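Read the structure below first, then the notes.
Please treat every number below as a calculation from the coordinates, not as lab data. Just so you know, these numbers come straight off a predicted model, no measurement behind them. For neighbour counting, all protein chains shown are included, and Cβ atoms are generated from backbone atoms with ideal geometry for every residue, glycine included.
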Amino acid sequence: ETGVTQSPTHLIKTRGQQVTLRCSSQSGHNTVSWYQQALGQGPQFIFQYYREEENGRGNFPPRFSGLQFPNYSSELNVNALELDDSALYLCASSTGGSGNTIYFGEGSWLTVV
Amino acid sequence: SQQGEEDPQALSIQEGENATMNCSYKTSINNLQWYRQNSGRGLVHLILIRSNEREKHSGRLRVTLDTSKKSSSLLITASRAADTASYFCATAPFSGGYNKLIFGAGTRLAVHP
């Protein structure tokens, strides 16, 4: 148990639709980040939020956006879904600053048809 | 792009044998973390080793880090069927000032009873 919870576990969307994934971080962790993991590959960093502000972003287009709330929970929103967005989306939490252990949730499986 | 490269891509051993997985990376790092992932599930944190450390142990796990060669290894001793999973190394680069991890494609370990 990492203390990081994600919902939903699985979902299916149609190309062009929008999706919102949710994450509750481990108690005391003020930093949340999101990763995309395609089948058979390692996770890729999407972005990170610290104190409700995005403070780092990977190579993902603007249709990937997020929010962090005052209780440090977070959302990942993806607009105009494409077939290649089908993947496992992982949320991770940690305390602020670099060099700390990062804990992951169980992920949300998104299938785009 | 992914920085870490795990070697081998797949490893098959018998219960009781040791399993060694290697990881190479390209840029200077703050720390390196190893994770385990059971099929289709989230990432479980195993060990974090900082750039000024050379070796760390946790139970049956031993991790080494050679920053001059930009490489790390994970040794699992006396393996069990329950160790069957994918193993990822993830590097935290110095640049960015945030908790971004860069993953390799992972090593798929199969431990046969």
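With Cα atoms as the point set, the radius of gyration and Dmax of chain A evaluate to 13.1, 39 Å. Determine, for the protein assembly as shown, the count of lysine pairs separated by eight or more sequence positions (or lying on different chains) whose alpha-carbon distance falls under 20 Å. Taking the Cα cut-off of 20 Å, the pair count is 6. Put in order of Cβ neighbour count within 10 Å, fewest first, the listed residues A:His29, B:His112 become B:His112, A:His29. Toward the positive end of the charge dipole of region A:1-68, with +1 on the Cβ of Lys and Arg and -1 on the Cβ of Asp and Glu, the farthest Cα among A:Gln37, A:Ile12, A:Ser25 is that of A:Ile12.
Model label sites at A:Ser65 and A:Glu82, defined 7 Å from Cα along the beta-carbon direction, differ in position by 1.8 nm. If exposed trypsin sites (Lys or Arg not before Pro) are those in a DSSP loop with at most 12 other Cβ within 10 Å, what is the longest stretch of chain B that has none? The segment B:1-53 is the longest one with no such site.
Remark: chain A carries a charge dipole of roughly 120 debye about the Cα centre, counting +1 on each Lys and Arg Cβ and -1 on each Asp and Glu Cβ.
What residues of region B:14-37 lie in the reach of a label at B:Leu75, counting those whose backbone N is under 15 Å from a point 7 Å from the Cα along Cα→Cβ? Within reach of a label on B:Leu75, which here means backbone N under 15 Å from a point 7 Å along Cα→Cβ, region B:14-37 contributes B:17-23. With R₀ set to 25 Å, the beta-carbon distance separating B:Asp7 from A:Asn55 gives a calculated FRET efficiency near 0.15. As a ratio to 2.2 N^0.38 Å, the alpha-carbon radius of gyration for the protein assembly as shown is 1.00.
With a Förster radius of 22 Å applied to the beta-carbon distance between B:Lys26 and A:Gln41, the computed FRET efficiency rounds to 0.80. Report the Stokes-Einstein translational diffusion coefficient (µm² s⁻¹, integer) for chain B, Rh taken as the Kirkwood radius over Cα pairs, at 20 °C with viscosity 1.002 mPa s. Taking Rh from Cα pairs, D becomes 153 µm²/s.
Partner shielding of A:46-54 amounts to 1, given as the average count of beta-carbon atoms from other chains within 10 Å of each residue beta-carbon. Between B:Arg50 and B:Ala82, the modelled labels are 3.1 nm apart [label points 7 Å from Cα along Cα→Cβ].
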